[in-house]
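Below: one structure, written as structure tokens.
None of the figures in this text is laboratory data; all of them are computed from the coordinates on show. The structure presented is a predicted model; accordingly, all values stated were derived computationally and were not measured. Note that each Cβ is placed from the backbone with ideal geometry, even for glycine, and that neighbours are counted across all protein chains shown.
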Amino acid sequence: MELTKAYKFRIYPDTIRQEEIDKRLILAQRFYNRLLEKSIRSYKNDNHKVSMAQFNRFVKEIIQEDKKYLKLYSQTRCEIEFRLMKAYQNFFRRIKEGNRKAGFPRFKSKDRYKSITYPQDNGSFSIRKGRLRISRIGTMPIDLHRKIEGTIKTLAIKREGKNYYAIFTTINNIRIPEVENTNPVGIDLGLDSFIAISDGTKIEKPKFMQQNRKRISHWQRVVARRNKGSKRREKAKADLQKTYEHITNQSDDYLHKLSDTLVNSGYTSFAVEDLRIQNMVKNHRLAGSIQNASWNRFVQYLSYKAESAGMKVMKVDARNTSKECSNCGNIREMPLSVREYNCDKCGLQLDRDINASINIPKRATLGQRESHARGENVRPQQEATLEELRTDKTHPLHDAVIA
């Protein structure tokens, strides 16, 4: 099986190389906007159609109008075409789904265009003796903190605040082990507790955004006070961006460790809710908390790690998982403020999130709405609180919680 992996390394370009990278980022941003401008005119005049053939024609026109875009590597220009085509495809998909705010492709400011990509390893870049060489930019030190496994396919140069990174995409041929599905579990994603597992375990995610709220507010005020276009404002924006990157790195690190621990905890398959995040964030009171929870990213990490280990991650319909009794199937209304499920038919009393996590693997079994993967009327084996997980070193999720 072919497995795609990404490796991110810090690079240290000198002043000249930084200027070269920054120039190409600005050129790529302007090239994207010029291409979008021409495609919009064509879109309005050509029955709302776009194609790669049109984009190729527009690229030739843009280069003829301004030769400076030849400084961009040819494959990088092609990748910009694919970026814009993907933006249009997503726009058409959202229209087909009936989304009122379909989101037509937008022009990008220089603050929102942070990477350029070399989509083929055809001599445009190479690594030798701890230095990265990039065509038309030069060589620079690279911190190879781990070995790159597999065949390198693409390279992206990304600027995050004041730092620069090289992101390699590789393809690996791996042999997937066969795992018998003897211990499937359901995972309920939530805000009160980050995940609740059908064996009774609940895990909270550290509130990284709330912990750094004062730092964010400080730099937001500093940016607001500085004059637009000034160097001091740009410096303050870089410090604000650095704070956000720190929070993102904290969250990603936690999600990687948690997904690693789950895959290595003796479970053999995972069932999760197929959440519609875009619809959920319409609740403005919870939108910030939902976005900070990073549910999609967690499921993404869990999926590729479980797949590499020979396990499956199944997504099920999320409707009424919290409202349905895991014992008798009775459905009752449950406002978010009610955290315990009390069934008025069979008398079941159970934590709301644990009840939902038991319902989730039932829906993953083929059409067997009333049968659980481990038998009928399954009860949680133990409900571990966050404090108990921190103190119990024998629990399989102990390391993920204290991280």
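Antiparallel versus total DSSP beta bridges in the chain: what percent is that, nearest 5? Write out the running numbers ahead of the final one.
Values: 41 of 51 bridges.
Just about 80 percent of them are antiparallel.
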Place a point 7 Å from Cα of E19 in the direction of its Cβ. Which residues in segment 66-104 have their backbone N less than 19 Å from it?
68-69, 71-72
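Work out how much length R297 to K129 would gain on full extension: take 0.36 nm times their residue separation and subtract the Cα-Cα distance, in nm to one decimal. Write down the numbers at each step before the final one.
Details: separation 168, 0.36 × 168 = 60.48 nm, distance 3.43 nm.
Roughly 57.1 nm would be gained on extension.
Report the charge-dipole magnitude of the chain in Debye, nearest 20, computed about the Cα centre from +1 at each Lys and Arg Cβ and -1 at each Asp and Glu Cβ. The partial results should precede the final answer.
Details: 79 positive and 47 negative charges, 637 e Å.
With only Lys, Arg, Asp and Glu charged at Cβ, the dipole is about 3060 debye.
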For the chain, take the longest principal axis of its alpha carbons; what is the angle in degrees between that and the long axis of helix 295-308, to the nearest 10 within 0 to 90?
90 degrees
Could you estimate the translational diffusion coefficient of segment 2-173 from the Stokes-Einstein equation, with Rh from the Kirkwood formula over C-alpha pairs, at 4 °C and 1.567 mPa s, in whole µm²/s?
74 µm²/s
Given labels modelled 7 Å from the Cα in the Cβ direction, how far is it in nm from Q210 to S337?
1.9 nm
Between 0 and 90 degrees, rounded to the nearest ten: what's the tilt of helix 231-263 against the longest Cα principal axis of the chain?
40 degrees
Virtual paramagnetic centre 7 Å along Cα→Cβ of F91, amide N under 16 Å, in segment 100-135
100-109
Extent of segment 112-240 along each principal axis, from alpha carbon coordinates, in Å, largest to smallest?
59, 46, 23
As an exercise, take the mean of 1/r over every pair of distinct alpha carbons in the chain, invert it, and state the Kirkwood radius in angstroms.
24.6 Å
P(r) histogram, all alpha-carbon pairs of segment 220-260 included - 10 Å bins from 0, percent
29, 32, 21, 14, 4
Work from the charge dipole of the chain (Cβ charges, +1 for Lys and Arg, -1 for Asp and Glu, about the Cα centre) and give the residue of N122, F298, P184 farthest towards its positive end.
N122
